[in-house]
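Participant: Questions regarding the structure given below will be posed in turn.
The values are calculated or read from the model by the stated rules, or taken from the named source; none is laboratory data. Please read these numbers as outputs of a predicted model, since none were measured by experiment. Counting neighbours? That spans all protein chains shown, and the Cβs are built from the backbone with ideal geometry, glycine included.
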Amino acid sequence: MNRSVVLLSLCQALLGTGNILLVAVTGLIGQSLAPSSSMITLPVAMQFVGLMLATIPASLIMQKIGRRNGFYLGNSIGIGGAVLASMALMSEQFYLFCVGTLCLGVGIGFGTLYRFAAVEACEPAQKNRAISLVMLGGVLAALIGPALAVQSRDWVQGYDFVGSFVGLMGLYILALLLLTGVKIPKPAVSVRSQATARPLIEIVSQPIFVVAVVAGMTSYAVMNLLMTATPLAMARCGFSFPQTTWVIEWHVLGMFLPSFFTGRLIQRFGAVNLMQCGGALLLLCTAINLNGQSEWHFWCALVALGVGWNFMFISATSLVTSTYRESERAKTQATNEFLVFGMVTLSAMLTGWLEATVGWQTMNWMMVPIVAWAMLVIAIFSRKMTSRAECVS
């Protein structure tokens, strides 16, 4: 694997470290600053609103100025968001903190494209391995993120959690330095290929695109909702902050450690079969959560949740890269990211309200029909993929 893919994997690790830090602290900050219990997860929701708003512009901007310059811009916006969040904590301004997390979300939105950049930086035959290697950067994030969340909390004396956002600034600055070594050739798109680019509606109507988007939306939305609600549920059960971060650490390891072999599993068993396996693991997560609220239950459930997300999301990414021609790349990737992270944003906005009103048990029951529906849609449309391939051959 070439140097640029390795550097992109390290950038993904830094992005993931920051995301874990935000997961660990943002809900707790919301508890202390929010004017009502239903608004506790508003900062988390604003982060995903920013992410969703960035998805389409990020792809189009990178088409114009290149991947590396686009990532420079995204990390710079992230630094600005961390500065605003720090100022908000020091002045105890809840809504300014939400603006800060909104900007952080925009920066993260640019970073979600690291995996597509890796595909463009390698040979086509190495596509699945490149995606897996970049996502593997999350393993480093799982090891560093929780420790950074715990250790940085009191870096700035007298201001709880401000140090966490100082650490976040450092992560984004380090990513800027790593990006200087990334080389991604800007593809030359001929006039002929531009003229033959298909309408977006034709691209998104492909069964393979439907399967990829449904898998991506469901896996990420369910994972985000349960992951974000877990620290709140554990706090209600009396668990300490270090215990919560330990569970989150193992969850993130579950999300990214399988990336060592996910690419090979896709090649051997197929993306659709691996998606269905991931869906089964999401259902296992809800079953564990519904059977108890000990630290062991939370740990097992979140590990299953992480592995299930890995299988579904990486398989979905692999399929998306097969749905477009070079001239259609930006608009197809932008549409995929908007749909996936739009659903994630909705789940983030609902998390605090659901946890405060219907409760942890009911939240988990609600996930069961959603995952089952996704598995059914994937099964139906994957048959259409096979039929269409047979017709073409």
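Participant: Please list, ordered by first then second residue, the pairs with beta carbon atoms under 6 Å, 6 or more apart or interchain, first in region 3-23 and under 19 Å from G109 (Cβ atoms), second among the hydroxyl-bearing types (S, T, Y) and at pLDDT 85 or above.
Facilitator: Once the first residue is under 19 Å from G109 (Cβ atoms) and sits in region 3-23, its partners that are among the hydroxyl-bearing types (S, T, Y) and at pLDDT 85 or above give L8/Y114; C11/Y114; Q12/Y114; L21/S164.
Participant: Look through region 195-231, keep the residues that are touching a Ser or Thr at 6+ places or on another chain (Cβ under 7 Å) and part of a loop (DSSP other than H, G, I, E, B), and return whichever of them is modelled with the lowest pLDDT.
Facilitator: A197
Participant: Within region 278-290, is there a residue that is within 15 Å of C237 (Cβ to Cβ), surrounded by fewer than 23 Cβ atoms within 10 Å (Cβ to Cβ) and over 20 Å from the mean Cα position of the chain (by Cα)?
Facilitator: Yes, region 278-290 has at least one match.
Participant: Follow-up question, since we're still on this one. Kindly establish whether S86 is modelled with pLDDT of 85 or more, under 19 Å from G163 (Cβ atoms) and surrounded by fewer than 24 Cβ atoms within 10 Å (Cβ to Cβ).
Facilitator: Against the criterion (modelled with pLDDT of 85 or more, under 19 Å from G163 (Cβ atoms) and surrounded by fewer than 24 Cβ atoms within 10 Å (Cβ to Cβ)), S86 qualifies.
Quick grid of which residues meet (1) assigned to a loop (DSSP other than H, G, I, E, B); (2) at pLDDT below 75; (3) in contact with an Asp or Glu (Cβ under 9 Å, 6 or more places away or on another chain):
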{"site": "F110", "(1), (2), (3)": "no, no, no"}
{"site": "A125", "(1), (2), (3)": "no, yes, no"}
{"site": "V134", "(1), (2), (3)": "no, no, no"}
{"site": "D154", "(1), (2), (3)": "yes, no, yes"}
{"site": "F165", "(1), (2), (3)": "no, no, no"}
{"site": "M169", "(1), (2), (3)": "no, no, no"}
{"site": "I184", "(1), (2), (3)": "yes, no, yes"}
{"site": "S193", "(1), (2), (3)": "no, yes, yes"}
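Participant: Something else about it: For region 250-262, give me the residue count where each residue is buried (at least 22 other Cβ atoms within 10 Å of the Cβ), more than 18 Å from A221 (Cα to Cα) and of a type outside the set (S, T, Y).
Facilitator: 1
Participant: Could you tell me which residue of region 220-254 is nearest to the chain's Cα centre (by Cα), considering only residues that are under 23 Å from I314 (Cα atoms) and of a type in the set (F, W, Y)?
Facilitator: Selected residue: Y220.
Participant: Just give me the residues in region 365-387 being surrounded by fewer than 19 Cβ atoms within 10 Å (Cβ to Cβ) and among the small types (G, A, S), in sequence order.
Facilitator: A372, A379, S387
Participant: Taking into account only those residues within region 1-42 that are in a loop (DSSP other than H, G, I, E, B) and aliphatic (A, V, I, L, M), which is surrounded by the most Cβ atoms within 10 Å (Cβ to Cβ)?
Facilitator: It comes out as I40.
Participant: Note down all Cβ pairs under 9 Å where the first residue falls in region 87-103 and is acidic (D, E), the second is assigned to a helix (DSSP H, G or I) and at pLDDT below 95, and they're at least six residues apart or on different chains.
Facilitator: E92/S32; E92/L33
Participant: Still on this structure: Scan (1) crowded, with 22+ Cβ neighbours inside 10 Å; (2) under 19 Å from Y220 (Cβ atoms); (3) modelled with pLDDT under 95 for the single condition T244 breaks and write down its number.
Facilitator: The one condition T244 does not meet is (2).
Participant: As an exercise: evaluate L305 against (1) part of a loop (DSSP other than H, G, I, E, B); (2) under 26 Å from T26 (Cβ atoms) and give the number of the one condition it does not meet.
Facilitator: Condition not satisfied by L305: (1).
Participant: Let me ask another. Of everything in region 338-364, what is surrounded by fewer than 18 Cβ atoms within 10 Å (Cβ to Cβ), β-branched (V, I, T) and within 15 Å of S38 (Cβ to Cβ)? Give them in sequence order.
Facilitator: T357, V358
Participant: Still on this model: Report yes if some residue within region 311-322 is closer than 28 Å to S205 by Cβ and not in a helix (DSSP H, G or I); otherwise report no.
Facilitator: Here is the first cut: in region 311-322, the ones closer than 28 Å to S205 by Cβ are 311-322.
After this cut, where a residue has to be not in a helix (DSSP H, G or I) as well, the list is 321-322.
Yes: one or more hits.
Participant: Here's another thing I want to ask about it. Looking for something closer than 20 Å to V213 by Cβ and touching a Gly at 6+ places or on another chain (Cβ under 7 Å) - is there at least one such residue anywhere in region 291-303?
Facilitator: No, region 291-303 contains no residue that is closer than 20 Å to V213 by Cβ and touching a Gly at 6+ places or on another chain (Cβ under 7 Å).
Participant: Just to be sure, is L168 over 12 Å from Q12 (Cα atoms), crowded, with 24+ Cβ neighbours inside 10 Å and touching a residue at least 60 places away in the same chain (Cβ under 8 Å)?
Facilitator: yes
Participant: Which residues, counting only those in region 363-383, are free of Cβ contacts under 8 Å to residues at least 60 places away in the same chain and either under 11 Å from T286 (Cβ atoms) or touching a His at 6+ places or on another chain (Cβ under 9 Å) (or both)?
Facilitator: Correct list: M366, P369.
Participant: Counting only residues that are under 23 Å from W360 (Cα atoms) and β-branched (V, I, T), which one in region 291-327 is nearest to the chain's Cα centre (by Cα)?
Facilitator: Residue satisfying both the conditions and the ranking: V307.
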